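Take a look at the structure set out below.
The values are calculated or read from the model by the stated rules, or taken from the named source; none is laboratory data. Predicted model only: the values in this text are computed from it and were never measured. Because the Cβ atoms are built from the backbone with ideal geometry, glycine has one as well, and the counts that use them run over all protein chains shown. Ligands, DNA and RNA are excluded from the accessible area calculation, which covers all protein heavy atoms including side chains. Shrake-Rupley method; radii C 1.70, N 1.55, O 1.52, S 1.80 Å.
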Amino acid sequence: MQTIRSRKRWANRRRQPPPVLYRPRNYLLTKNEAAFFRVLNLVIADCYQISCKVRLADIVTCADDDWKRGQANRISQKHIDFVVNWAESSRIVAAIELDDASHELPERRARDAFVNRLFRQIGVPLIRVPSQWNYDADRLAEQLMRTGLHVRRRVGRGDGRVGGGRGYGNEKSYRWSFGVAQSPRSHAVGRRRF
């Protein structure tokens, strides 16, 4: 009699669904990343597209033999916070990393040094921006212009601060006009022509 009961218990155990290992994330971006993304969308010119959390392996690659030898592990599990590319051709123009307090850790510094060398090697500007709750649109526009990107320029008065966790209403109080970077690198980054 006990063997029949134990068989029934075992059969019931096998029918139970496995525990849930995965769950959905509610948001793609953290609050800091979302605040920066809102300001970046205001500042960046319409000729660009912005992609969030792009795998490094989608930006660079290595030879098949190196990929099989494990070199792909260095790029396949890392991502870049934002990638700016031309809207018409999807050619990558720049990458943007937000540096929060975790970038001060020794292992994170080693990762950042690897990424910096990699972007210098491929000739794509890597823009590092300190992570904050509020971002100054004018300052960000100046930083992007120094790297040769086209930006919208603010016209009128205001402190230019946008973002943060209090809401989205303050973005509409600024008037923007299209501005073009005046540096000779505005149309070419490295050896590439855009």
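Of the residues making up region 36-69, those that are within 17 Å of the chain's Cα centre (by Cα) and farther than 16 Å from V83 by Cβ are R38, V39, L42.
Per the conditions (1) open to solvent by less than 40 Å² (accessible area, probe 1.4 Å); (2) at pLDDT below 95; (3) not hydroxyl-bearing (S, T, Y), the sole criterion not satisfied by R55 is (1). Remark: D100 matches the filter, which requires a residue to be open to solvent by 70 Å² or more (accessible area, probe 1.4 Å) and among the charged types (D, E, K, R).
Scanning region 65-79 for residues that are aliphatic (A, V, I, L, M) and free of Cβ contacts under 8 Å to residues at least 40 places away in the same chain gives a single hit, A72. Any residue in region 111-120 that is open to solvent by 30 Å² or more (accessible area, probe 1.4 Å) and in a strand (DSSP E or B)? No - not one qualifying residue is present in region 111-120. Within the set L42, L21, the sole residue that is at pLDDT below 90 and either open to solvent by 70 Å² or more (accessible area, probe 1.4 Å) or out of contact with any Gly (no Cβ under 6 Å at 6 or more places or on another chain) (or both) turns out to be L21. Taken as a whole, the structure places F82 among residues that are open to solvent by less than 30 Å² (accessible area, probe 1.4 Å) and within 24 Å of L140 (Cβ to Cβ).
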